[in-house]
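The values are calculated or read from the model by the stated rules, or taken from the named source; none is laboratory data. Since this is a predicted model, take the numbers as computed values, not measurements. Here the Cβ is made from the backbone with ideal geometry for all residues, glycine too, and neighbour counts use every protein chain on show. Accessible surface areas use protein heavy atoms only, side chains included; no ligands, DNA or RNA. Shrake-Rupley method; radii C 1.70, N 1.55, O 1.52, S 1.80 Å.
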Amino acid sequence: AWPFPYEALEPWYCQAERMYQVRGSLGEDPTEPHHSAAYEYPPVPDEAPIADIRARLKRKGLHPFSLPLGLDLDAWLSKARTPWDAHPNARDGKMDAETAALSVALSHENVRLETNARVTRLDTGAGSRIDRVTYVKNGETLTVSPEIVILAAGAVQSSVLLLRSKNDRFPKGLANSSDQVGRNFMNHNASAVIGVSPRFRNTSIYQKTFAFNDFYLSDGEGGPPLGNVQLLGRISEKVLKGSLPQAPEWLLRFITGHAIDFYAMSEDVPNPESRVMVDGDRIILQWQRTNWDAHLALVARLKAILKSIGFPIVLARPFDKRTPSHQCGTIRIGNDPAAAPLDAYCRAYDHDNLFVVDASFLPTSAAVNPALTIAAQALRVADHIASKDLQARDALADRTDKIGK
Ligand SMILES: Cc1cc2nc3c(=O)[nH]c(=O)nc-3n(C[C@H](O)[C@H](O)[C@H](O)COP(=O)(O)OP(=O)(O)OC[C@H]3O[C@@H](n4cnc5c(N)ncnc54)[C@H](O)[C@@H]3O)c2cc1C
């Protein structure tokens, strides 16, 4: 489904990894594709109980590899001894979009950040270009008319904004002559899988240092792909209580003190009927999971593995649509304007000066965490926008317009 091969994105993956100071180790994951640059930092080390589990999995013939992580461990732990997974942070330890990207962009004199501003509408002018962006800031409605509009509100909100911005000329919404905006919503099929053993004592703080892809390309016996397995950030008593509200404190303490917590993730494949729609002020999310059997098979494999390495009790719970953390795919890229709203550089086929560069563009979701792919494509698109090629083509389009008129 991708309009370009992995090789086109590979240099941008490396650049994104440098930008987000990703720690990792090449050569441990047999499914790893070509990587033209080594990681600049060594991987985040396993804590002792986690190193023990990694060794047990290796003895079973599996290939656990160090998770690539955008994390400065010393800086993180110097502030608080907590896991980082799903913990927000700014400017300390965790290389998030603010720390690694926004703060760098803001160091340039010609970059201004408008905070507390909610974009409510995009408008086209006489032609098809976007000529006005309307936003609300502190109760006041304001507009701006940029030369290029880059929409990056996330897979749900970007499609909502385009659908809500419909006008007489574009009655199905902006960028939507293909009728694909809001469609192909994907979210990984994911489950928390927790192995418990009275004989295992988990004293780790952050836990999340390795993953394995032994069932990524096939089920291990020549069958279909099942997905990725990675450690979760350490599950605390308080987090577990959310899922087991009736359980007494002592039981929750026992489980979390003797458990290892994994995240099993399988691909959700594109389906035009899996949709984000708008109904007045309401947003309707009609997620239709696909590939669920593969996910159940992955969870079953993981349960069996955990039992075989000394965890007699294994609990599993799927994430549902209340936790759509890997949402993507609602404004996909493609080579055919009849089937995709965006070209291979995330430019809207219907509007020359509109780019959508967030998780919406993904034509498939793979079965890996999405943020690095979004960042890599953003860097690729930015380079394309800045390139002379694009400016030359715009000038040509401009001339053609004038000749036409
Ligand atoms: C708890 C959690 C853990 C995760 N862990 C990982 C992980 O370990 N690895 C990984 O790769 N991915 C992870 N993800 C997924 C990752 O965060 C997303 O895939 C990624 O952030 C999506 O990027 P995006 O640009 O599409 O959207 P976002 O990052 O959501 O950015 C959209 C931005 O647009 C703003 N916005 C929305 N609407 C408007 C509007 N109308 N006007 C103005 N601004 C607007 C939002 O406030 C937001 O800042 C995690 C997600 C969650 C929720």
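Excluding same-chain neighbours fewer than eight residues apart, the aspartates and glutamates reachable from Lys137 by a Cα-Cα span under 19 Å are Glu114, Asp123, Asp281. Here the chain is treated with +1 on each Lys and Arg Cβ and -1 on each Asp and Glu Cβ, and its dipole about the Cα centre works out to around 1100 debye.
Rounded to the nearest 10 degrees, the angle from helix 48-59 to the longest Cα principal axis of the chain is 90 degrees. Think of the chain as a dipole: +1 on every Lys or Arg Cβ, -1 on every Asp or Glu Cβ, centred on the Cα centre; then among Ala192, Gly125, Thr330, Ala192 lies furthest on the positive end.
Solvent exposure of segment 40-109 amounts to 56 Å² per residue of accessible area, where only protein heavy atoms count and the probe is 1.4 Å.
When the label point is put 7 Å from the Cα of Thr115 along its Cα-to-beta-carbon vector, which residues of segment 79-109 have a backbone N closer than 11 Å? Those under the cut-off are none; the list is empty. Can you tell me which aspartates and glutamates have their Cα less than 16 Å from the Cα of Lys321? Leave out same-chain residues fewer than eight positions away. Hits, sequence-local ones excluded: Glu267, Asp268, Glu273.
Of all aspartates and glutamates in the structure, those lying under 13 Å Cα to Cα from Lys208, and not within fewer than 8 positions of it along the same chain, are Asp46, Glu47, Asp85, Asp261. Measuring nothing but alpha carbons in segment 292-363 and taking Rh as the Kirkwood radius, the Rg to Rh ratio lands at 1.27. Across the chain, the relative contact order, built from alpha-carbon pairs under 8 Å that are at least six residues apart, equals 20 percent.
Computed from Cα atoms, the angle from the helix 388-404 axis to the main principal axis of the chain rounds to 30 degrees. Using a simple spin-label model with pseudo-atoms 7 Å out from Cα toward Cβ, Thr141 and Met19 lie 3.4 nm apart. Summing Cβ point charges (Lys, Arg +1; Asp, Glu -1) relative to the Cα centre of segment 1-131 gives a dipole of roughly 380 debye. For GluC sites (Glu not before Pro), the sites in segment 211-305 that DSSP calls loop and that have at most 15 other Cβ atoms within 10 Å are Glu221, Glu273.
Using a simple spin-label model with pseudo-atoms 7 Å out from Cα toward Cβ, Asp336 and Glu221 lie 3.7 nm apart. Shown here for segment 1-63: GluC sites (Glu not before Pro) in loop regions (DSSP other than H, G, I, E, B) with at most 12 other Cβ atoms within 10 Å, namely Glu40. I'd like the antiparallel share, as a percent to the nearest 5, of DSSP beta bridges with both residues in the chain. The antiparallel fraction comes to roughly 90 percent.
At R0 = 25 Å, how high is the FRET efficiency between Gln246 and Ala304 if r is their beta carbon distance? Nearest 0.05 is fine. Between Gln246 and Ala304 the formula returns 0.35. Expressed as a whole percent, the accessible surface of segment 165-279 that belongs to carbon and sulfur atoms is 55, based on a 1.4 Å probe.
Of the residues Lys79, Lys208, the one with the largest accessible area comes first in the ranking Lys79, Lys208, computed with a 1.4 Å probe on protein heavy atoms.
If one takes the longest principal axis of the Cα atoms in the chain, at what angle in degrees, from 0 to 90 and to the nearest 10, does the Cα axis of helix 6-19 lie? Compared with the principal axis, the helix lies near 70 degrees. Once both labels are positioned 7 Å from their Cα atoms along Cα-to-Cβ, the gap between Ser236 and Met277 label points is 4.1 nm. Helical content alone sets the calculated 222 nm signal of the chain at -8500 deg cm²/dmol, taking -39,500 (n - 2.57) per DSSP H segment of four or more residues and averaging over every residue.
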